[in-house]
Amino acid sequence: MIDKLSYAEIAEISKGLKEQVEIVDKIAKTKGIDELADFIATVEGYSKFLENTIEINKDADDALKGLKEQIK
């Protein structure tokens, strides 16, 4: 968990952001709205950040689990 969200919930948010970015990107390209490029890149970057955060936290959970077992 990260704060009050499970890893699955965060992964679902990341997936939703990716899907929406694809939609907005297609619309922006079709309509020639180049001004949205930065916004699209930022949202896409945040989606990747969430994915990386999940992996880092899972690794930390595993490391802490190992340490707790050693203490016992």
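The values are calculated or read from the model by the stated rules, or taken from the named source; none is laboratory data. In this text, all values refer to a predicted model and were calculated from it rather than measured experimentally. Backbone-built Cβ (ideal geometry, glycine too); neighbour counts: all protein chains shown. All accessible areas refer to the heavy atoms of the entire protein, side chains included, with ligands and DNA or RNA removed. Shrake-Rupley method; radii C 1.70, N 1.55, O 1.52, S 1.80 Å.
Which residues' amide hydrogens lie under 5 Å from the amide hydrogen of ILE2, considering only partners 5 or more residues apart or on another chain, with H built in the peptide plane?
Close amide H contacts, sequence-distant or interchain: TYR7.
Give the lysines reachable from LYS29 as a straight Cα distance under 28 Å; neighbours fewer than 8 places away on the same chain don't count.
Hits, sequence-local ones excluded: LYS15, LYS18, LYS48.
Which lysines have a Cα lying under 25 Å from the Cα of LYS68, excluding residues fewer than 8 positions away in the same chain?
Partners within reach: LYS4, LYS58.
How large a share of the accessible area of the chain, in percent, is made up of carbon and sulfur atoms when the probe is 1.4 Å and the other protein chains stay in place?
The computed percentage sits at 58.
Can you give the FRET efficiency to the nearest 0.05 for GLU9 and ASP34, using r as the Cβ-Cβ distance and R₀ = 35 Å?
Step by step, r from the Cβ atoms, then E = 0.55.
Cross-link candidates for LYS26: which aspartates and glutamates have Cα within less than 17 Å, leaving aside residues fewer than 8 places away along the same chain?
Filter leaves ASP34, GLU35, ASP38, GLU44.
Determine the calculated [θ] at 222 nm for the chain from helices alone, applying -39500 (n - 2.57) to every DSSP H run no shorter than 4 residues and normalising by the residue count; nearest 500 deg cm²/dmol.
Counting only the DSSP helices, I get -30000 deg cm²/dmol.
Averaged per residue, what accessible area in Å² does the chain show with a 1.4 Å probe, protein chains only?
81 Å²
Would you kindly compute the Cα radius of gyration of the chain and its largest Cα-Cα separation (Dmax), both in Å?
Final numbers for Rg and Dmax: 17.3, 62 Å.
Could you tell me how far the Cα centroid of the range 42-72 sits from the Cα centroid of the range 1-32, in Å?
20 Å
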